[in-house]
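A.B. asks: Shown below is the structure under consideration.
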Amino acid sequence: MSRRGEPRASAVTCGSPGEPPGAGGGPPLQALDTLFRETVSLFHRMGAAAEAVHRESRIRGGERGILLSLHRHGPQTVPQLARARPVSRQHIQAHVTPLAAKGLVEFRTNPVHRKSHLVALTEKGRALIEEIDRTEKRLLSALPLRVAPGEIEEAASLLRAVRVALESEDWNHIVAQGERKREEKKGRRDGK
C-alpha cells in the first residue's frame, strides 16, 4: 500500500526496464508527454486561480495546501507533510512557521516521537480552511466546463494511476538504473 492507502503500482507497466519508453505495452510516449504537459499547465493555472480567489485571505498556495492536508488527514509531523508532497522538511517548515504565527496551526506533543511535534489546525485554521473549501466549491460549480461527470472521473482515475506508477518501486528502479548508466557514461567520458 502507498502512503495514501492506495495499492502500489507494481502491476502498472510502462514497458520493461531497459526498454525504450513507449515500447512494449506501455502508454505511447507522445500521449504520455501530452498528458504531462497538460497536467503541468493545469497545475500552474490552478495555482494562479487559487491565488486570485484567496488573495484577501493572505494565505499562499503552499500554506493552503498544508491547511487542507491537516483538515483532511488530521495532525501530522513536518516530515509526514513533506513526504506526502514530496518536498523537503525545510520547505514545509517555511510554510508551517508563518501559519503558526497567524494562529492557524499549533504544535502538539507527539506521543510517538518526542522531538518531532505534530502540526495541528487551530479552531481559527479549521474555520479558515472550511471557508476556503466552500468558496472553491461555489466557484467550481460555475466553471464553464462542458464534459460529462464520467469523463471527469476517468481523468481523475488516469491521473491517479500515473501518480501511483511514479510512486512505485518499479519506477524508483528505472530511475536508479538511468542514474547508474549516466554515471557510467560520465566516467567513460572523463577517462575514469
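A.B. asks: Quick one: in segment 147-165, which of the residues that are within 21 Å of Arg37 (Cβ to Cβ) and without any contact (Cβ under 8 Å) to a residue 60 or more places away in the chain is farthest from the chain's Cα centre (by Cα)?
C.D. replies: Ranking the qualifying residues of segment 147-165, first place goes to Val147.
A.B. asks: Follow-up. Give me a count of the residues in segment 57-113 that are more than 19 Å from Arg126 (Cβ to Cβ) and charged (D, E, K, R).
C.D. replies: So the answer is 3.
A.B. asks: Further question: Leu70 passes all but one of (1) closer than 20 Å to Phe43 by Cβ; (2) surrounded by 16 or more Cβ atoms within 10 Å (Cβ to Cβ); which number fails?
C.D. replies: Against the list (1) closer than 20 Å to Phe43 by Cβ; (2) surrounded by 16 or more Cβ atoms within 10 Å (Cβ to Cβ), Leu70 comes up short only on (1).
A.B. asks: Just the residues that are in a helix (DSSP H, G or I) and modelled with pLDDT of 90 or more, please, taken from segment 50-77. Explain how you work it out, then say what you get.
C.D. replies: Within segment 50-77, the first condition is being in a helix (DSSP H, G or I), and the residues that meet it are 50-53, 55-57, 61-73.
Result: Glu63, Arg64, Gly65, Ile66, Leu67, Leu68, Ser69, Leu70, His71, Arg72, His73.
A.B. asks: Could you tell me how many of the residues in segment 78-115 are surrounded by 14 or more Cβ atoms within 10 Å (Cβ to Cβ) and in a loop (DSSP other than H, G, I, E, B)?
C.D. replies: Selection size over segment 78-115: 5.
A.B. asks: Shifting gears a bit: Restricting the search to segment 76-101, which residues are more than 27 Å from Leu166 (Cβ to Cβ) and touching a residue at least 24 places away in the same chain (Cβ under 8 Å)?
C.D. replies: Across segment 76-101, the qualifying residues are Pro98, Leu99.
A.B. asks: Would you point out which residue out of Gly125, Gly103 is at positive phi, at pLDDT 95 or above and of a type in the set (Gly, Ala, Ser)?
C.D. replies: Details: Gly125 fails: at positive phi.
Just a single option satisfies the conditions, and that option is Gly103.
A.B. asks: Any residue at all in segment 173-190 that is surrounded by 12 or more Cβ atoms within 10 Å (Cβ to Cβ) and of a type in the set (D, E, K, R)?
C.D. replies: No: zero hits.
A.B. asks: Do the conditions hold for Glu136, that is, is it of a type in the set (Asp, Glu), more than 25 Å from His71 (Cβ to Cβ) and part of a helix (DSSP H, G or I)? Don't jump to the end; show me each part of the working.
C.D. replies: Working: of a type in the set (Asp, Glu): yes; more than 25 Å from His71 (Cβ to Cβ): no; part of a helix (DSSP H, G or I): yes.
No; evaluated as a whole, the condition is false for this residue.
The values are calculated or read from the model by the stated rules, or taken from the named source; none is laboratory data. Remember, it's a predicted structure, so these values are computed and weren't measured experimentally. Quick reminder, even Gly has a Cβ in these numbers, built from the backbone with ideal geometry, and neighbours come from all protein chains shown.
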